[in-house]
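Only one structure is covered here, and it is reproduced in the block below.
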Amino acid sequence: KAQEPPTEGLPPGPPDFLEFVTGLATQALVHLGAIPSPFTGKTEAEPEQARYMIDILEMLTEKTRGNLKPEESKHLEALLAELRFAFVKLSTPNP
């Protein structure tokens, strides 16, 4: 019998679209400085990296248009709205 690959740290079951886009959004939030990095524990803003992750999610929105379940589409749009707002807030200087 072939040995099963290790699954420690992986979600149960096959990959899921909502988990995938949520993972990308989480990376964007780390780069926005909204949550600490899981690797360093530090919170630091990297706007260029955040913008890139948002661009990836926008590309996925365009490439999957018409092929997502309604809840997937709503989830993706909600994530993007939250990330765009956080990006604008980060990019706008405080008076």
Neighbours by Cβ (under 8 Å, 6+ apart or cross-chain): first from the stretch 40-68, over 16 Å from VAL88 (Cβ atoms); second of a type in the set (A, V, I, L, M) and open to solvent by 50 Å² or more (accessible area, probe 1.4 Å)
THR43/ALA34; THR43/ILE35
Being within 13 Å of LEU18 (Cα to Cα), in a helix (DSSP H, G or I) and either in contact with a strand residue (DSSP E or B) (Cβ under 6 Å, 6 or more places away or on another chain) or open to solvent by less than 60 Å² (accessible area, probe 1.4 Å) (or both) narrows LEU68, LEU57 down to just LEU57
From the list PRO93, PRO36, which residue is touching a helix residue (DSSP H, G or I) at 6+ places or on another chain (Cβ under 9 Å) and not basic (Lys, Arg)?
PRO36
Any chance you could count how many residues in the stretch 12-54 are surrounded by 13 or more Cβ atoms within 10 Å (Cβ to Cβ) and on the phi > 0 side of the Ramachandran plot?
1
What is the one condition in (1) part of a helix (DSSP H, G or I); (2) modelled with pLDDT under 95; (3) surrounded by 12 or more Cβ atoms within 10 Å (Cβ to Cβ) that LYS89 does not satisfy?
(3)
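The values are calculated or read from the model by the stated rules, or taken from the named source; none is laboratory data. Everything numeric here is computed off the predicted structure, so don't read it as measured data. Ideal geometry is used to build each Cβ from the backbone, glycine not excepted, and the neighbour counts take in all protein chains shown. Areas reflect the complete protein model, heavy atoms only, side chains present, ligands, DNA and RNA absent. Shrake-Rupley method; radii C 1.70, N 1.55, O 1.52, S 1.80 Å.
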